[in-house]
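To keep things clear, I will list the structure first and then write my remarks on it.
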Amino acid sequence: MARAIMMHEEDNVATVLMDVLQGDTISVEGGKGSLHIEAAEAVPFGHKISLSGIGKDHLILKYGETIGIAICTIPSGTHVHVHNLKSSRG
């Protein structure tokens with residue numbers, strides 16, 4: 001089973017700890033305890049995956065902090081990166 005880590009209980013993304021393939025079940029640890037999600041698409045090692053659906057213009061939270069804003073709807077289990085978020089950092 002693939003693994004990911006959530007850094008803070010309010011995060012809506014987690015970092016995958018290995019390459020993930022579409023359809024893989026991912027065990028997410030940390031933050032709120034543990035949960036399992038299914039990868040909607042491939043996600044490379046070290047990248048973010050959405051833990052639940054994130055609406056367009058909603059905040060992307062990692063480390064309990066806003067790291068960006070969704071530029072489109074991001075379904076649960078989707079790769080979260082520069083193609084679907086706009087950075088809120090300088």
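The Cα-based radius of gyration and maximum Cα-Cα distance (Dmax) for the chain are 11.7, 36 Å. When DSSP beta bridges are restricted to pairs lying wholly in the range 1-55, around 75% turn out antiparallel. Taking Cα centre as origin and charging only the Cβ of basic (Lys, Arg, +1) and acidic (Asp, Glu, -1) residues, the dipole magnitude of the chain rounds to 240 debye. Just the protein heavy atoms count here, and of the accessible area of the range 2-86 at 1.4 Å, carbon and sulfur take up 53 percent. Here H36 and T66 are evaluated by their C-beta separation; at R0 = 30 Å the FRET efficiency comes out at 0.70. Using the Karplus relation 6.51 cos²θ - 1.76 cosθ + 1.60 with θ = phi - 60°, the per-residue 3J(HN,Hα) values for the range 54-68 come to 10, x, 4, 6, 7, 6, 9, 10, 9, 6, x, 10, 6, 10, x Hz, with x marking Gly and Pro. For the chain, the number of Lys pairs separated by eight or more positions or lying on different chains, with C-alpha atoms closer than 16 Å, is 5.
Comparing S34, T66, H8 along the charge dipole axis of the chain, the residue lying farthest to the positive side is T66, per the Cβ-charge model. For I60, the residues 5 or more places off, or on other chains, whose built amide H falls under 5 Å of its own are I67, G68, I69, A70. Accessible surface for the range 2-86, divided over its residues, is 51 Å² per residue with a 1.4 Å probe. Of the whole protein surface, T73 contributes about 100 Å² of accessible area at a 1.4 Å probe radius. Note that the range 38-47 has calculated 3J(HN,Hα) couplings of 9, 6, 7, 7, 5, 9, x, 3, x, 9 Hz, one per residue in order, obtained from phi through the Karplus relation 6.51 cos²θ - 1.76 cosθ + 1.60 (θ = phi - 60°); glycine and proline are x.
The values are calculated or read from the model by the stated rules, or taken from the named source; none is laboratory data. Note that the structure is predicted; figures quoted are calculated from it, not measured. Every residue, glycine as well, gets a Cβ built from its backbone with ideal geometry; the counts of neighbours run over all protein chains shown. Note: accessible area is taken over every heavy atom of the protein model, side chains too, but ligands, DNA and RNA are not part of it. Shrake-Rupley method; radii C 1.70, N 1.55, O 1.52, S 1.80 Å.
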